[in-house]
Amino acid sequence: MKAKKWTLLVIIVLSMLLVLAACSKDESPPAGNEPEPVSSEGTNDSGGGSETGDPNVNKEGFPIVNEKIQLTFLAPATPTPDWNDVLVFNEYEKMTNIDIQWEMVTNEALSERRNLMLTSGDYPDAFHSAGFTVNDLINYGQVQGIFIPLNDLIEEYAPNFKKLLDENPDLRRGLTMPDGNIYSFPRVFDPNFPSVLAGWKLWLNKDFLTALNMEEPDTLDEFYQYLKAVKTTDLNGDGELNEIPLSITDDYRIIIILRGAYGLGNRGVMHYFVDVNPETEELRFIPTDPRYKELLQYINKLYTEGLINEDMYTVTSEQTFARATEGLFGAAIVTNPRTSYNQENFIGAPVMEGPYGDRLYSDVKSTLANHGTFVITDKNEHPEATVRWVDYFYGEEGMKLFFMGVEGVTYREKEDGTLEYTELITNDPDGLNFNNAISKYMTWRNGAYPSVVTAKYFNGSEGQPESIEAAKKLEPYFPEEVWAPFSFTVEENEFMSTTGADIQKYVEEMEAQFITGRASFDQWDNYVKTLEQMGLDQYMEIYQAAYERYQQG
């Protein structure tokens, strides 16, 4: 009797093991599992679907799937219509046979909403344009297993993106986390598109320069003299001295635009707080450098003398637009005054020389512009199809659709082969400006999207002729080396997302205090001492370790 029971028990156990073994082949590892060992090629075999594949998925051509599937994506809300009924994605659904159910969240609520979803376990198949940081990718990918590793899926189902990685080793090393896995699709900037690498630029009112009989400023002192002249002259002819010499909407933009004149930011803008000290060739924490103090003193002089709009921390986009259309700006920091304000009387400012002879344009981005623009979660039952869906936007035809829309509707091809928007965009029937008209039919103005920004297909602000011309003045002064964001180990990430974040927040708060005069520069030594007490030495040690890994690829 006992023998029969044992025989039956053995049969049951063996049956259960066979079922579990079969499931393990078809299912992604559950959230919270530790990652599997990384192979010698740096890939992880846990990338869903790479071994057996999905028989419903076509590896090439359209439709992507034979039998229609539905996926849920979360994306930030913008001035566009609901993405469930927007031109670009309606067209793409017809091509792919994939129905995306878009859950839209306002930009203001995006961070809180996505974190709540991930914490509660109630999250979508993928996040599109949700702005995840490197820290997020490590936490939700490597640590929690919510974001699936993409290495094998990219190899099998993303030929466009794989080509980018193969051609650009810096892109691959920037995306690869310390465990050897890639957890996201990024936004990529074409290295041969300097206007988009430079982004927001400083613009000068050429009519004001002419009226004042002044040349474009070549130094920071000449720039100050120009702004003073704008403030004291009725240049728009309305009988009042209401001109705004320099219009800005925060202190971040003016700091990164001007800090190169002090020799700061010599590795580009992706690393706001750290660069390399040219005298020692060691990493430098920029906000404690004596030259940084001088930069803030210069900006403080502009602010206290009324050369910057006093409400720069609270001004709305509507207020800024109204002031621009009244012809009040002597200078502005914006992507393009014509596309943003309908103002055509501006030219790009030159790179100005600082007090020590430095002439550097530090507001330059890496080609790896944003890491976490598209991630796939472990709830996604169709990872292969999802990867094919997003990979299209890294190829020629996909970029054309994403940035230009549908031929004959939102764009036309000219005889020379270049593309231009139709009057549906350039002369919106509702009187919308160029940027807002685009947003009625396409979603790329949303920000950090998964695609490649090239001059060929990107006709946004940075792709306009005046922006191209402005960038020509800047490009000769780009940093010789521009860093992509670094990635941190789990332990390092814990520090950087807590103490490191506190250090950065304190710096940003004190920048505003120094610029507006609410904090005296007599407090500078105490400010530096406070940062040291907060853990600045450990912050820099972690940065050094991440930098060394970055150098080694």
Here the tail fraction of P(r) beyond 16 Å, over all Cα-Cα pairs of the stretch 241-293, rounds in percent to 44 percent
Candidate cut points under GluC sites (Glu not before Pro) in the stretch 372-433, DSSP loop plus at most 11 other Cβ atoms within 10 Å of their own Cβ, are GLU415
With each label point set 7 Å from Cα along the Cα-Cβ vector, what nm distance links LYS301 and GLU381? 6.7 nm
Once you have the Kirkwood Rh of the stretch 439-542 from its Cα pairs, apply Stokes-Einstein at 4 °C and 1.567 mPa s and quote D in µm²/s. 71 µm²/s
Over the alpha-carbon set of the stretch 494-552, divide Rg by the Kirkwood Rh and report the Rg/Rh ratio to two decimals. 1.08
Treat the stretch 53-154 as a sphere of radius equal to its Kirkwood radius over Cα pairs and apply Stokes-Einstein at 4 °C in a medium of 1.567 mPa s; give the translational diffusion coefficient in µm²/s, rounded to a whole number. 85 µm²/s
Based on DSSP, what percent of beta bridges with both residues in the chain are antiparallel, to the nearest 5? 55 percent
Helix check for the chain. Which DSSP H runs span at least 27 Å along their own axis by Cα, with a mean Kyte-Doolittle hydropathy no less than 1.0? 2-26
According to the Cα gyration tensor, what semi-axes, each the square root of 5 times an eigenvalue, does the equivalent ellipsoid of the stretch 203-307 have, listed from largest to smallest in whole Å? 32, 13, 11
Anything over 27 Å Cα to Cα? Flag those among LYS94/LYS440; LYS68/LYS414; LYS206/LYS231; LYS59/LYS414; LYS162/LYS365, in the order listed. LYS68/LYS414; LYS59/LYS414
May I ask you to compute the full-extension gain from LYS414 to SER317, defined as 0.36 nm times their residue separation minus their alpha-carbon distance, rounded to one decimal in nm? 31.5 nm
Straight-line reach only, C-alpha to C-alpha below 14 angstrom: list the aspartates and glutamates that LYS529 could link to, leaving out same-chain residues fewer than 8 apart. ASP289, ASP537
Any chance you could run the full-extension gain for THR325 through LEU241? It's 0.36 nm times the residue separation minus the Cα-Cα distance, nm to one decimal. 28.6 nm
Against the 2.2 N^0.38 Å scaling, with N counting residues, where does the stretch 402-479 land? I'd like the Cα-based Rg ratio to two decimal places. 1.19
Assigning unit charges at the beta carbon (Lys, Arg +1; Asp, Glu -1) and nothing else, what dipole magnitude in debye, to the nearest 20, does the chain show about its Cα centre? 940 debye
Expressed in nanometres to one decimal, the distance between label points 7 Å along Cα→Cβ at GLU475 and ALA109 is 4.4 nm
What 222 nm value per residue comes from the helices of the chain, counting each DSSP H run with n ≥ 4 as -39,500 (n - 2.57) and dividing by all residues, nearest 500 deg cm²/dmol? -12000 deg cm²/dmol
Given R₀ = 56 Å, what would the calculated FRET efficiency be for GLU491 paired with ASN213, taking r from the Cβ atoms and rounding to 0.05? 0.40
Just how much of SER195 is accessible, in Å², when a 1.4 Å probe is used and the result is rounded to the nearest 10? 0 Å²
Evaluated at 4 °C and 1.567 mPa s, the Stokes-Einstein D of the stretch 211-271 based on the Kirkwood radius over Cα pairs, in µm²/s, stands at 95 µm²/s
Which value results when the Cα radius of gyration for the chain is divided by 2.2 N^0.38 Å? 1.08
Which whole-number percent is the relative contact order of the stretch 219-355 (Cα, under 8 Å, 6+ apart)? 34 percent
Local electrostatic count at GLY330 - Lys and Arg +1, Asp and Glu -1, tallied over other residues with Cβ under 14 Å: -3
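The values are calculated or read from the model by the stated rules, or taken from the named source; none is laboratory data. Keep in mind that this is a model prediction, so the values were computed, not measured. Methodologically, a virtual Cβ is constructed for each residue, glycine included, from the backbone with ideal geometry; neighbour enumeration extends over all protein chains shown. Each accessible area value is taken on the protein alone, full model and side chains, heavy atoms only, with ligands, DNA and RNA left out. Shrake-Rupley method; radii C 1.70, N 1.55, O 1.52, S 1.80 Å.
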